[in-house]
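See structure below.
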Amino acid sequence: LLRTYGFGDPAMILEALQKLHATAESRNISPTARERLDRLVPLVLMAVRRSSNPATTLTRLTPLFESIAQRSVYLALLAEYPAALEHLIKLCSASPWIAAYIARQPILLDELLDPRTLYSPPGPAELETQLTEQLSYLSEADLEQEMNALRHFKHSQVLRVAAADLTGVLRVGTVSDQLSAIAETVLKAALRLAWNNLIGRHGEARCIDAGVDRPAGFAIVAYGKLGGLELSYDSDLDLVFLHDSRGEKQLTTGPKPLDNQEFFARLGQRIIHLITTITPAGKAYDIDARLRPSGSSGLLVSSLNAFAEYQQHHAWTWEHQALVRARPVAGSPATREEFSTIRAAVLSRERDEVSLKQDVRDMRERMRRELGNREPDRFDLKGGQGGITDIEFMVQYIVLRWAAAHPLLLSSTANCPLLEIGAACKLLDPHDAEALCEAYFAYRARIHALALQEQPARVSEGEFRTHRSKVVDIWRRLLEA
(Lines give C-alpha, C1' and ligand atoms only; values in the text may rest on other atoms or scores of the structure.)
Protein backbone atom coordinates (compact mmCIF):
# COMPACT_ATOMS: atom_id res chain seq x y z
CA LEU A 1 0.00 0.00 0.00
CA LEU A 2 2.83 2.40 0.87
CA ARG A 3 4.53 1.61 -2.42
CA THR A 4 1.24 2.17 -4.27
CA TYR A 5 0.97 5.64 -2.75
CA GLY A 6 4.42 6.50 -4.04
CA PHE A 7 6.59 6.22 -0.94
CA GLY A 8 10.17 5.70 -2.02
CA ASP A 9 11.28 3.76 1.08
CA PRO A 10 8.25 1.78 2.28
CA ALA A 11 10.32 -0.57 4.48
CA MET A 12 11.70 2.32 6.54
CA ILE A 13 8.25 3.87 6.90
CA LEU A 14 6.67 0.56 7.86
CA GLU A 15 9.32 0.07 10.52
CA ALA A 16 8.53 3.52 12.00
CA LEU A 17 4.80 2.73 12.02
CA GLN A 18 5.36 -0.65 13.68
CA LYS A 19 7.52 1.02 16.34
CA LEU A 20 4.81 3.59 17.02
CA HIS A 21 2.16 0.85 17.20
CA ALA A 22 4.27 -1.19 19.62
CA THR A 23 4.79 1.87 21.84
CA ALA A 24 1.06 2.54 21.95
CA GLU A 25 0.44 -1.11 22.86
CA SER A 26 3.09 -1.14 25.60
CA ARG A 27 1.76 2.07 27.19
CA ASN A 28 -1.79 0.75 27.20
CA ILE A 29 -3.23 4.06 26.02
CA SER A 30 -6.89 4.88 26.56
CA PRO A 31 -9.55 3.99 23.98
CA THR A 32 -9.99 7.70 23.22
CA ALA A 33 -6.27 8.16 22.61
CA ARG A 34 -6.14 5.03 20.44
CA GLU A 35 -9.06 6.28 18.36
CA ARG A 36 -7.38 9.65 17.89
CA LEU A 37 -4.03 8.07 17.03
CA ASP A 38 -5.69 5.78 14.46
CA ARG A 39 -7.34 8.83 12.96
CA LEU A 40 -4.13 10.88 12.96
CA VAL A 41 -1.63 8.42 11.46
CA PRO A 42 -3.22 8.24 7.96
CA LEU A 43 -3.39 12.05 7.88
CA VAL A 44 0.29 12.17 8.81
CA LEU A 45 1.20 9.68 6.10
CA MET A 46 -0.60 11.61 3.40
CA ALA A 47 0.99 14.89 4.54
CA VAL A 48 4.46 13.35 4.89
CA ARG A 49 4.17 11.95 1.37
CA ARG A 50 4.27 15.52 0.04
CA SER A 51 7.54 16.33 1.82
CA SER A 52 10.94 16.07 0.16
CA ASN A 53 12.08 13.20 2.42
CA PRO A 54 9.00 11.23 3.59
CA ALA A 55 10.78 8.33 5.32
CA THR A 56 13.25 10.55 7.18
CA THR A 57 10.51 12.98 8.20
CA LEU A 58 8.28 10.22 9.58
CA THR A 59 11.22 8.77 11.49
CA ARG A 60 11.79 12.20 13.05
CA LEU A 61 8.11 12.53 13.93
CA THR A 62 7.79 9.11 15.57
CA PRO A 63 9.38 10.13 18.93
CA LEU A 64 6.91 13.02 19.14
CA PHE A 65 3.92 10.77 18.54
CA GLU A 66 5.30 8.34 21.10
CA SER A 67 5.60 11.14 23.66
CA ILE A 68 2.01 12.36 23.11
CA ALA A 69 0.37 8.93 22.75
CA GLN A 70 -1.11 9.29 26.24
CA ARG A 71 -1.96 12.97 25.80
CA SER A 72 -4.90 12.62 23.50
CA VAL A 73 -5.56 16.37 23.44
CA TYR A 74 -2.40 16.82 21.33
CA LEU A 75 -3.41 13.97 19.03
CA ALA A 76 -6.77 15.70 18.57
CA LEU A 77 -5.10 19.05 17.92
CA LEU A 78 -3.03 17.68 15.05
CA ALA A 79 -5.97 15.72 13.60
CA GLU A 80 -8.40 18.62 13.80
CA TYR A 81 -6.07 21.39 12.58
CA PRO A 82 -4.57 20.35 9.24
CA ALA A 83 -2.59 23.60 9.01
CA ALA A 84 -0.86 22.84 12.33
CA LEU A 85 0.03 19.37 11.06
CA GLU A 86 1.38 20.86 7.83
CA HIS A 87 3.60 23.28 9.76
CA LEU A 88 4.83 20.46 11.99
CA ILE A 89 5.79 18.31 9.03
CA LYS A 90 7.36 21.24 7.19
CA LEU A 91 9.59 22.10 10.16
CA CYS A 92 10.48 18.51 11.05
CA SER A 93 11.27 17.72 7.44
CA ALA A 94 13.70 20.63 7.39
CA SER A 95 15.28 20.09 10.81
CA PRO A 96 15.84 17.07 13.07
CA TRP A 97 16.74 19.56 15.83
CA ILE A 98 13.24 21.07 15.73
CA ALA A 99 11.67 17.60 15.67
CA ALA A 100 13.58 16.60 18.80
CA TYR A 101 12.90 19.99 20.43
CA ILE A 102 9.14 19.61 20.02
CA ALA A 103 9.24 15.94 21.08
CA ARG A 104 10.85 16.98 24.38
CA GLN A 105 8.29 19.77 24.86
CA PRO A 106 4.98 18.78 23.21
CA ILE A 107 3.34 21.92 24.59
CA LEU A 108 5.12 23.67 21.72
CA LEU A 109 2.52 22.16 19.38
CA ASP A 110 0.28 25.05 20.45
CA GLU A 111 2.69 27.40 18.65
CA LEU A 112 1.81 25.76 15.32
CA LEU A 113 -1.77 27.02 15.40
CA ASP A 114 -0.95 30.57 14.33
CA PRO A 115 1.61 31.00 11.53
CA ARG A 116 1.52 34.78 12.04
CA THR A 117 3.36 34.34 15.35
CA LEU A 118 5.21 31.11 14.51
CA TYR A 119 7.36 32.79 11.88
CA SER A 120 7.49 36.27 13.48
CA PRO A 121 9.58 36.33 16.66
CA PRO A 122 8.84 39.37 18.87
CA GLY A 123 11.37 42.07 19.66
CA PRO A 124 13.05 42.62 23.06
CA ALA A 125 10.40 44.95 24.50
CA GLU A 126 7.56 42.62 23.51
CA LEU A 127 9.44 39.62 24.91
CA GLU A 128 9.68 41.27 28.32
CA THR A 129 6.01 42.28 28.22
CA GLN A 130 4.92 38.74 27.35
CA LEU A 131 6.99 37.02 30.03
CA THR A 132 6.03 39.55 32.71
CA GLU A 133 2.37 39.00 31.88
CA GLN A 134 2.70 35.22 31.96
CA LEU A 135 4.41 35.30 35.36
CA SER A 136 1.86 37.76 36.77
CA TYR A 137 -0.80 35.04 36.74
CA LEU A 138 1.26 32.79 39.03
CA SER A 139 1.57 32.81 42.79
CA GLU A 140 5.00 33.88 44.04
CA ALA A 141 4.81 30.95 46.44
CA ASP A 142 4.63 28.44 43.58
CA LEU A 143 8.29 28.21 42.58
CA GLU A 144 7.85 25.19 40.31
CA GLN A 145 5.17 26.90 38.26
CA GLU A 146 7.38 29.97 37.89
CA MET A 147 10.29 27.81 36.75
CA ASN A 148 8.09 25.99 34.26
CA ALA A 149 6.81 29.32 32.94
CA LEU A 150 10.38 30.48 32.31
CA ARG A 151 11.10 27.27 30.43
CA HIS A 152 7.90 27.29 28.35
CA PHE A 153 8.59 30.90 27.41
CA LYS A 154 12.17 30.18 26.39
CA HIS A 155 11.27 27.04 24.40
CA SER A 156 8.38 28.68 22.53
CA GLN A 157 10.41 31.76 21.62
CA VAL A 158 13.40 29.73 20.45
CA LEU A 159 11.06 27.61 18.29
CA ARG A 160 9.79 30.79 16.64
CA VAL A 161 13.34 31.91 15.90
CA ALA A 162 14.23 28.50 14.45
CA ALA A 163 11.09 28.46 12.29
CA ALA A 164 11.83 31.95 10.96
CA ASP A 165 15.48 30.99 10.44
CA LEU A 166 14.60 27.90 8.40
CA THR A 167 12.21 29.81 6.19
CA GLY A 168 14.70 32.60 5.52
CA VAL A 169 12.77 35.29 7.41
CA LEU A 170 15.77 36.12 9.62
CA ARG A 171 19.34 36.96 8.66
CA VAL A 172 22.19 35.31 10.57
CA GLY A 173 22.93 38.38 12.70
CA THR A 174 19.26 38.74 13.54
CA VAL A 175 19.05 35.09 14.63
CA SER A 176 21.72 35.64 17.25
CA ASP A 177 20.19 38.97 18.29
CA GLN A 178 16.83 37.25 18.81
CA LEU A 179 18.32 34.35 20.76
CA SER A 180 20.31 36.79 22.90
CA ALA A 181 17.19 38.86 23.61
CA ILE A 182 15.34 35.73 24.75
CA ALA A 183 18.16 34.81 27.13
CA GLU A 184 18.33 38.34 28.54
CA THR A 185 14.57 38.37 29.10
CA VAL A 186 14.74 35.07 31.00
CA LEU A 187 17.69 36.31 33.08
CA LYS A 188 15.89 39.53 34.04
CA ALA A 189 12.81 37.58 35.08
CA ALA A 190 14.84 35.04 37.07
CA LEU A 191 16.66 37.87 38.86
CA ARG A 192 13.35 39.54 39.70
CA LEU A 193 11.86 36.29 41.04
CA ALA A 194 14.95 35.44 43.10
CA TRP A 195 15.28 39.00 44.42
CA ASN A 196 11.63 39.21 45.52
CA ASN A 197 11.89 35.85 47.26
CA LEU A 198 14.98 36.82 49.26
CA ILE A 199 13.68 40.31 50.06
CA GLY A 200 10.55 38.68 51.47
CA ARG A 201 12.65 36.55 53.79
CA HIS A 202 15.52 38.81 54.76
CA GLY A 203 14.63 42.36 53.77
CA GLU A 204 16.51 44.75 51.51
CA ALA A 205 20.31 44.71 51.25
CA ARG A 206 21.64 48.12 52.29
CA CYS A 207 24.96 49.71 53.25
CA ILE A 208 26.39 53.01 54.48
CA ASP A 209 28.73 54.14 51.72
CA ALA A 210 30.77 57.31 52.39
CA GLY A 211 28.27 58.27 55.09
CA VAL A 212 25.22 57.71 52.85
CA ASP A 213 22.71 54.97 53.64
CA ARG A 214 21.73 53.40 50.30
CA PRO A 215 20.43 50.14 48.82
CA ALA A 216 23.08 47.72 47.62
CA GLY A 217 22.77 46.80 43.95
CA PHE A 218 23.38 43.65 41.95
CA ALA A 219 24.14 42.96 38.27
CA ILE A 220 24.41 40.01 35.93
CA VAL A 221 27.23 40.41 33.41
CA ALA A 222 27.22 38.28 30.26
CA TYR A 223 30.49 37.12 28.74
CA GLY A 224 31.16 34.91 25.72
CA LYS A 225 28.45 34.38 23.13
CA LEU A 226 25.70 36.19 25.02
CA GLY A 227 28.03 39.07 25.83
CA GLY A 228 29.01 39.37 22.17
CA LEU A 229 25.43 38.94 20.90
CA GLU A 230 26.42 35.69 19.18
CA LEU A 231 24.14 33.19 20.90
CA SER A 232 23.26 30.01 18.98
CA TYR A 233 20.50 27.48 19.58
CA ASP A 234 22.21 25.37 22.23
CA SER A 235 24.67 27.90 23.68
CA ASP A 236 25.49 28.01 27.38
CA LEU A 237 25.37 31.31 29.22
CA ASP A 238 28.72 32.57 30.52
CA LEU A 239 27.79 34.80 33.47
CA VAL A 240 29.47 36.79 36.22
CA PHE A 241 27.49 38.07 39.23
CA LEU A 242 28.52 41.35 40.89
CA HIS A 243 27.23 43.54 43.75
CA ASP A 244 28.09 47.11 44.78
CA SER A 245 27.82 46.77 48.57
CA ARG A 246 30.64 48.59 50.40
CA GLY A 247 31.32 50.66 53.49
CA GLU A 248 29.60 50.11 56.85
CA LYS A 249 26.54 48.19 58.08
CA GLN A 250 26.37 45.91 55.05
CA LEU A 251 23.25 44.06 56.21
CA THR A 252 19.74 43.30 55.07
CA THR A 253 16.88 45.08 56.84
CA GLY A 254 14.51 42.17 57.58
CA PRO A 255 13.73 40.36 60.84
CA LYS A 256 16.30 37.72 59.81
CA PRO A 257 19.14 39.96 58.60
CA LEU A 258 21.98 38.63 56.51
CA ASP A 259 25.39 39.99 55.75
CA ASN A 260 25.14 41.44 52.24
CA GLN A 261 27.80 39.08 50.87
CA GLU A 262 25.73 36.12 52.06
CA PHE A 263 22.55 37.70 50.69
CA PHE A 264 24.06 38.15 47.23
CA ALA A 265 25.65 34.69 47.28
CA ARG A 266 22.21 33.21 47.89
CA LEU A 267 20.79 35.42 45.17
CA GLY A 268 23.32 34.11 42.65
CA GLN A 269 22.68 30.51 43.70
CA ARG A 270 18.93 30.99 43.38
CA ILE A 271 19.22 32.49 39.90
CA ILE A 272 21.26 29.50 38.78
CA HIS A 273 18.70 27.15 40.36
CA LEU A 274 15.79 28.90 38.65
CA ILE A 275 17.42 28.59 35.23
CA THR A 276 19.38 25.32 35.23
CA THR A 277 17.30 22.90 37.32
CA ILE A 278 15.54 20.23 35.28
CA THR A 279 11.76 20.30 35.77
CA PRO A 280 8.95 18.60 33.81
CA ALA A 281 9.43 21.48 31.34
CA GLY A 282 13.14 20.75 30.97
CA LYS A 283 15.67 23.47 31.77
CA ALA A 284 16.06 26.99 30.49
CA TYR A 285 19.84 27.17 30.01
CA ASP A 286 23.14 25.81 31.23
CA ILE A 287 25.16 28.44 33.08
CA ASP A 288 28.94 28.65 33.26
CA ALA A 289 30.14 31.01 36.02
CA ARG A 290 33.84 30.10 35.84
CA LEU A 291 34.89 33.42 34.30
CA ARG A 292 34.45 35.15 37.67
CA PRO A 293 37.59 36.38 39.45
CA SER A 294 39.80 33.45 40.51
CA GLY A 295 37.58 31.05 38.52
CA SER A 296 35.80 28.16 40.22
CA SER A 297 37.76 28.74 43.43
CA GLY A 298 36.51 32.33 43.76
CA LEU A 299 33.28 33.65 45.26
CA LEU A 300 30.17 33.07 43.16
CA VAL A 301 29.25 36.74 43.58
CA SER A 302 32.04 39.34 43.79
CA SER A 303 31.89 42.92 44.95
CA LEU A 304 32.65 45.52 42.31
CA ASN A 305 35.63 46.65 44.39
CA ALA A 306 37.07 43.13 44.43
CA PHE A 307 36.32 42.71 40.72
CA ALA A 308 38.13 45.97 39.87
CA GLU A 309 41.11 45.04 42.05
CA TYR A 310 41.40 41.64 40.38
CA GLN A 311 41.08 42.99 36.84
CA GLN A 312 43.58 45.80 37.44
CA HIS A 313 46.27 43.85 39.27
CA HIS A 314 45.85 40.08 38.95
CA ALA A 315 44.00 39.16 35.73
CA TRP A 316 45.82 37.53 32.83
CA THR A 317 45.72 38.92 29.31
CA TRP A 318 43.20 36.25 28.26
CA GLU A 319 40.86 37.48 31.01
CA HIS A 320 41.07 40.98 29.56
CA GLN A 321 40.35 39.46 26.16
CA ALA A 322 37.20 37.92 27.65
CA LEU A 323 36.29 41.32 29.12
CA VAL A 324 36.10 42.74 25.59
CA ARG A 325 32.90 40.73 25.09
CA ALA A 326 31.44 41.40 28.55
CA ARG A 327 28.32 43.52 29.04
CA PRO A 328 25.75 43.87 31.83
CA VAL A 329 22.39 42.34 30.91
CA ALA A 330 20.33 42.55 34.12
CA GLY A 331 20.36 44.28 37.48
CA SER A 332 20.34 47.75 38.98
CA PRO A 333 21.30 50.60 36.61
CA ALA A 334 23.92 51.97 39.03
CA THR A 335 25.67 48.61 39.39
CA ARG A 336 25.62 48.03 35.65
CA GLU A 337 27.04 51.49 35.02
CA GLU A 338 29.82 50.98 37.55
CA PHE A 339 30.76 47.70 35.90
CA SER A 340 30.95 49.47 32.53
CA THR A 341 33.23 52.10 34.06
CA ILE A 342 35.55 49.41 35.43
CA ARG A 343 35.54 47.58 32.10
CA ALA A 344 36.46 50.79 30.26
CA ALA A 345 39.30 51.53 32.65
CA VAL A 346 40.77 48.03 32.34
CA LEU A 347 40.50 47.84 28.56
CA SER A 348 41.90 51.37 28.14
CA ARG A 349 45.21 50.60 29.83
CA GLU A 350 48.34 51.30 27.82
CA ARG A 351 49.85 47.98 26.74
CA ASP A 352 53.17 46.98 25.26
CA GLU A 353 52.52 45.93 21.67
CA VAL A 354 55.12 43.16 21.57
CA SER A 355 54.04 41.58 24.87
CA LEU A 356 50.35 41.83 23.95
CA LYS A 357 50.89 40.14 20.59
CA GLN A 358 52.84 37.36 22.26
CA ASP A 359 50.18 36.80 24.93
CA VAL A 360 47.39 36.63 22.35
CA ARG A 361 49.34 34.25 20.11
CA ASP A 362 50.31 32.04 23.07
CA MET A 363 46.70 31.72 24.24
CA ARG A 364 45.51 30.93 20.72
CA GLU A 365 48.18 28.26 20.33
CA ARG A 366 47.26 26.76 23.69
CA MET A 367 43.62 26.54 22.61
CA ARG A 368 44.64 24.81 19.39
CA ARG A 369 46.66 22.23 21.34
CA GLU A 370 43.93 21.54 23.88
CA LEU A 371 40.79 21.94 21.77
CA GLY A 372 42.05 21.52 18.22
CA ASN A 373 40.24 19.52 15.56
CA ARG A 374 41.23 15.87 15.48
CA GLU A 375 39.80 15.36 11.98
CA PRO A 376 42.36 16.55 9.41
CA ASP A 377 39.88 16.32 6.55
CA ARG A 378 37.37 18.59 8.31
CA PHE A 379 37.41 22.33 9.04
CA ASP A 380 36.26 23.35 12.52
CA LEU A 381 34.29 26.55 11.89
CA LYS A 382 34.89 27.78 15.43
CA GLY A 383 38.37 26.65 16.40
CA GLY A 384 40.08 25.81 13.10
CA GLN A 385 42.85 27.96 11.66
CA GLY A 386 41.16 30.85 9.88
CA GLY A 387 37.90 30.26 11.78
CA ILE A 388 35.73 32.26 14.14
CA THR A 389 38.10 32.14 17.11
CA ASP A 390 40.91 33.67 15.05
CA ILE A 391 38.59 36.53 14.10
CA GLU A 392 37.55 37.00 17.73
CA PHE A 393 41.15 37.08 18.90
CA MET A 394 42.04 39.72 16.32
CA VAL A 395 39.13 41.87 17.46
CA GLN A 396 40.20 41.48 21.08
CA TYR A 397 43.78 42.40 20.19
CA ILE A 398 42.59 45.54 18.41
CA VAL A 399 40.56 46.65 21.43
CA LEU A 400 43.32 45.93 23.97
CA ARG A 401 45.98 47.54 21.79
CA TRP A 402 44.20 50.76 20.82
CA ALA A 403 41.25 51.44 23.18
CA ALA A 404 43.40 53.89 25.17
CA ALA A 405 43.73 56.11 22.11
CA HIS A 406 40.35 55.27 20.56
CA PRO A 407 37.63 55.06 23.25
CA LEU A 408 35.02 54.32 20.56
CA LEU A 409 36.32 50.73 20.69
CA LEU A 410 34.65 50.43 24.11
CA SER A 411 31.19 51.15 22.69
CA SER A 412 30.42 47.61 21.50
CA THR A 413 31.03 43.99 22.44
CA ALA A 414 30.13 42.49 19.05
CA ASN A 415 32.83 41.50 16.57
CA CYS A 416 31.74 43.14 13.34
CA PRO A 417 30.82 46.52 14.83
CA LEU A 418 34.25 46.55 16.49
CA LEU A 419 35.93 45.68 13.19
CA GLU A 420 34.05 48.53 11.52
CA ILE A 421 35.19 50.91 14.30
CA GLY A 422 38.75 49.65 13.88
CA ALA A 423 38.60 50.42 10.16
CA ALA A 424 37.04 53.86 10.77
CA CYS A 425 39.87 54.66 13.20
CA LYS A 426 42.42 53.52 10.57
CA LEU A 427 43.66 50.70 12.80
CA LEU A 428 42.68 48.12 10.22
CA ASP A 429 42.48 48.26 6.45
CA PRO A 430 38.79 48.66 5.47
CA HIS A 431 39.11 45.77 2.98
CA ASP A 432 40.49 43.56 5.77
CA ALA A 433 37.63 44.52 8.08
CA GLU A 434 35.13 43.73 5.34
CA ALA A 435 36.77 40.37 4.59
CA LEU A 436 36.74 39.40 8.27
CA CYS A 437 33.07 40.33 8.63
CA GLU A 438 32.13 38.39 5.51
CA ALA A 439 33.94 35.31 6.78
CA TYR A 440 32.48 35.73 10.24
CA PHE A 441 28.87 35.91 9.02
CA ALA A 442 29.39 33.05 6.56
CA TYR A 443 30.75 30.83 9.34
CA ARG A 444 27.98 31.73 11.75
CA ALA A 445 25.26 31.19 9.16
CA ARG A 446 26.63 27.72 8.56
CA ILE A 447 26.91 27.00 12.30
CA HIS A 448 23.22 27.90 12.78
CA ALA A 449 22.25 25.68 9.83
CA LEU A 450 24.34 22.76 11.13
CA ALA A 451 22.84 23.14 14.62
CA LEU A 452 19.34 22.79 13.16
CA GLN A 453 20.54 19.58 11.47
CA GLU A 454 22.04 18.35 14.77
CA GLN A 455 25.47 18.41 13.16
CA PRO A 456 28.75 19.61 14.73
CA ALA A 457 30.25 22.88 13.53
CA ARG A 458 32.60 21.20 11.06
CA VAL A 459 32.64 21.13 7.26
CA SER A 460 34.80 19.58 4.58
CA GLU A 461 38.38 20.79 4.48
CA GLY A 462 37.94 22.47 1.10
CA GLU A 463 34.90 24.52 2.07
CA PHE A 464 35.30 28.22 2.90
CA ARG A 465 38.86 28.07 1.54
CA THR A 466 38.79 31.67 0.31
CA HIS A 467 37.46 33.02 3.62
CA ARG A 468 39.97 30.97 5.58
CA SER A 469 42.97 32.09 3.55
CA LYS A 470 41.98 35.75 4.00
CA VAL A 471 41.57 35.35 7.76
CA VAL A 472 44.94 33.60 8.06
CA ASP A 473 46.64 36.29 5.96
CA ILE A 474 45.19 39.11 8.07
CA TRP A 475 46.17 37.28 11.26
CA ARG A 476 49.77 37.07 10.10
CA ARG A 477 49.93 40.71 9.15
CA LEU A 478 48.24 41.89 12.35
CA LEU A 479 49.70 39.59 15.00
CA GLU A 480 52.88 38.09 13.58
CA ALA A 481 54.45 41.09 11.87
**Asked** Between residues in the range 212-237 that are farther than 17 Å from ILE388 by Cα and in contact (Cβ under 8 Å) with a residue 60 or more places away in the chain and residues that are open to solvent by 50 Å² or more (accessible area, probe 1.4 Å) and aromatic (Phe, Trp, Tyr), which pairs lie under 9 Å by C-beta distance while being six or more apart or on different chains?
**Response** PHE218/TRP195
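Table: residues versus (1) more than 20 Å from the chain's Cα centre (by Cα); (2) open to solvent by less than 20 Å² (accessible area, probe 1.4 Å); (3) under 20 Å from LEU231 (Cα atoms).
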residue	(1), (2), (3)
ASP390	yes, yes, yes
PHE393	yes, yes, yes
LEU400	yes, yes, no
ALA405	yes, no, no
LYS426	yes, no, no
**Prompt:** What number goes with the only condition from (1) closer than 19 Å to PRO106 by Cβ; (2) open to solvent by 30 Å² or more (accessible area, probe 1.4 Å); (3) in contact (Cβ under 8 Å) with a residue 40 or more places away in the chain that ARG49 does not pass?
**Reply:** (1)
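Considering only residues that are of a type in the set (Gly, Ala, Ser) and in contact with a His (Cβ under 8 Å, 6 or more places away or on another chain), look in the range 229-270 and name the one that is nearest to ALA445 (Cα to Cα). Steps first, please.
First, pick out the residues of the range 229-270 that are of a type in the set (Gly, Ala, Ser): 232, 235, 245, 247, 254, 265, 268.
Remaining after also requiring in contact with a His (Cβ under 8 Å, 6 or more places away or on another chain): 232, 254.
Numbers: SER232: 10, GLY254: 51 Å.
By that ranking, first place goes to SER232.
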**Asked** Of all helices (runs of 4 or more DSSP H) completely enclosed by the range 288-397, which ones contain at least 2 residues that are closer than 19 Å to TYR440 by Cβ?
**Response** 317-324, 353-371
**Asked** Name the residues in the range 65-92 that are open to solvent by less than 20 Å² (accessible area, probe 1.4 Å), over 24 Å from the mean Cα position of the chain (by Cα) and closer than 28 Å to ALA11 by Cβ, would you?
**Response** PHE65, ILE68, ALA69, LEU75, LEU78, ALA79, LEU85, ILE89
**Message:** Could you list, ordered by first residue, the pairs with Cβ atoms under 7 Å in which the first is in the range 297-321 and over 23 Å from LYS225 (Cα atoms) and the second is modelled with pLDDT of 95 or more, at least 6 apart or interchain?
**Reply:** SER303/HIS243; SER303/SER245; SER303/ARG246; ASN305/ARG246; GLN312/VAL346
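Can you find a residue in the range 240-249 that is among the aliphatic types (A, V, I, L, M) and touching a Lys or Arg at 6+ places or on another chain (Cβ under 7 Å)? Can you show your working first?
First, the residues of the range 240-249 that are among the aliphatic types (A, V, I, L, M): 240, 242.
Imposing the further condition that a residue be touching a Lys or Arg at 6+ places or on another chain (Cβ under 7 Å) reduces the set to 240.
Looking through the range 240-249, at least one residue is among the aliphatic types (A, V, I, L, M) and touching a Lys or Arg at 6+ places or on another chain (Cβ under 7 Å).
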**Residue list for the range 215-252, restricted to those being open to solvent by 10 Å² or more (accessible area, probe 1.4 Å), more than 20 Å from ASN415 (Cβ to Cβ) and among the hydrophobic types (A, V, I, L, M, F, W, C)** = LEU251
**Request:** Please identify the pairs in which a residue from the range 406-426 that is at pLDDT below 95 has its Cβ atom under 9 Å from the Cβ atom of a residue that is open to solvent by 20 Å² or more (accessible area, probe 1.4 Å), counting only partners at least 6 apart or on another chain.
**Result:** none
**Request:** Output the residue which, of all residues in the range 102-145 that are small (Gly, Ala, Ser) and assigned to a loop (DSSP other than H, G, I, E, B), is modelled with the lowest pLDDT.
**Result:** ALA141
**Message:** ARG60 - would you say it is under 18 Å from CYS92 (Cα atoms), open to solvent by 30 Å² or more (accessible area, probe 1.4 Å) and at pLDDT 90 or above?
**Reply:** yes
**Item:** Complete set of residues in the range 146-175 that are farther than 30 Å from TRP195 by Cβ and assigned to a helix (DSSP H, G or I)
**Value:** ALA162, ALA163, ALA164, ASP165, LEU166, VAL172, GLY173, THR174, VAL175
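Considering each of LEU150, LEU179, LEU159 in turn, give the residue that is at pLDDT 95 or above, within 30 Å of VAL399 (Cα to Cα) and open to solvent by less than 10 Å² (accessible area, probe 1.4 Å).
LEU179
Mind checking which residues of the range 455-481 are over 30 Å from GLN358 (Cβ atoms) and buried (at least 16 other Cβ atoms within 10 Å of the Cβ)?
Going residue by residue through the range 455-481, those that are over 30 Å from GLN358 (Cβ atoms) are 455-456, 459-460, 462-463.
Residue satisfying the conditions is VAL459 alone.
Filtering the range 93-120 down to residues that are of a type in the set (S, T, N, Q) and open to solvent by 30 Å² or more (accessible area, probe 1.4 Å), which residue is farthest from ARG34 (Cα to Cα)? Spell out the reasoning first.
Step one: list which residues in the range 93-120 are of a type in the set (S, T, N, Q), which gives 93, 95, 105, 117, 120.
Now drop any that are not open to solvent by 30 Å² or more (accessible area, probe 1.4 Å), which leaves 117, 120.
On the way: THR117: 31, SER120: 35 Å.
Within the range 93-120, the match that is farthest from ARG34 (Cα to Cα) is SER120.
So is LEU291 in contact with a strand residue (DSSP E or B) (Cβ under 9 Å, 6 or more places away or on another chain) and under 30 Å from THR174 (Cβ atoms) or not? Steps first, answer last, please.
Details: in contact with a strand residue (DSSP E or B) (Cβ under 9 Å, 6 or more places away or on another chain): yes; under 30 Å from THR174 (Cβ atoms): yes.
So LEU291 fits the description; yes.
Take the residues of the range 281-331 that are of a type in the set (Val, Ile, Thr) and open to solvent by 30 Å² or more (accessible area, probe 1.4 Å): which is farthest from the chain's Cα centre (by Cα)?
Filtering the range 281-331 for residues of a type in the set (Val, Ile, Thr) gives 287, 301, 317, 324, 329.
Still in the running and open to solvent by 30 Å² or more (accessible area, probe 1.4 Å): 287, 317.
On the way: ILE287: 10, THR317: 25 Å.
Residue satisfying both the conditions and the ranking: THR317.
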**Prompt:** Does PRO255 count as modelled with pLDDT under 95 and open to solvent by 70 Å² or more (accessible area, probe 1.4 Å)?
**Reply:** yes
**Item:** Of residues in the range 15-41 being surrounded by fewer than 16 Cβ atoms within 10 Å (Cβ to Cβ) and over 38 Å from the mean Cα position of the chain (by Cα), the one nearest to LEU85 (Cα to Cα)
**Value:** ARG39
**Message:** What are the pairs with Cβ atoms under 8 angstrom where one residue, in the range 115-139, is more than 23 Å from PRO82 (Cα to Cα) and the other, located anywhere, is open to solvent by less than 80 Å² (accessible area, probe 1.4 Å) and part of a loop (DSSP other than H, G, I, E, B)? Sequence gap at least six, or different chains.
**Reply:** GLN130/PRO122
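The values are calculated or read from the model by the stated rules, or taken from the named source; none is laboratory data. From a predicted model like this one, the values you see are computed outputs, not experimental measurements. Methodologically, a virtual Cβ is constructed for each residue, glycine included, from the backbone with ideal geometry; neighbour enumeration extends over all protein chains shown. SASA here: full protein model, heavy atoms, side chains in, ligands and nucleic acids out. Shrake-Rupley method; radii C 1.70, N 1.55, O 1.52, S 1.80 Å.
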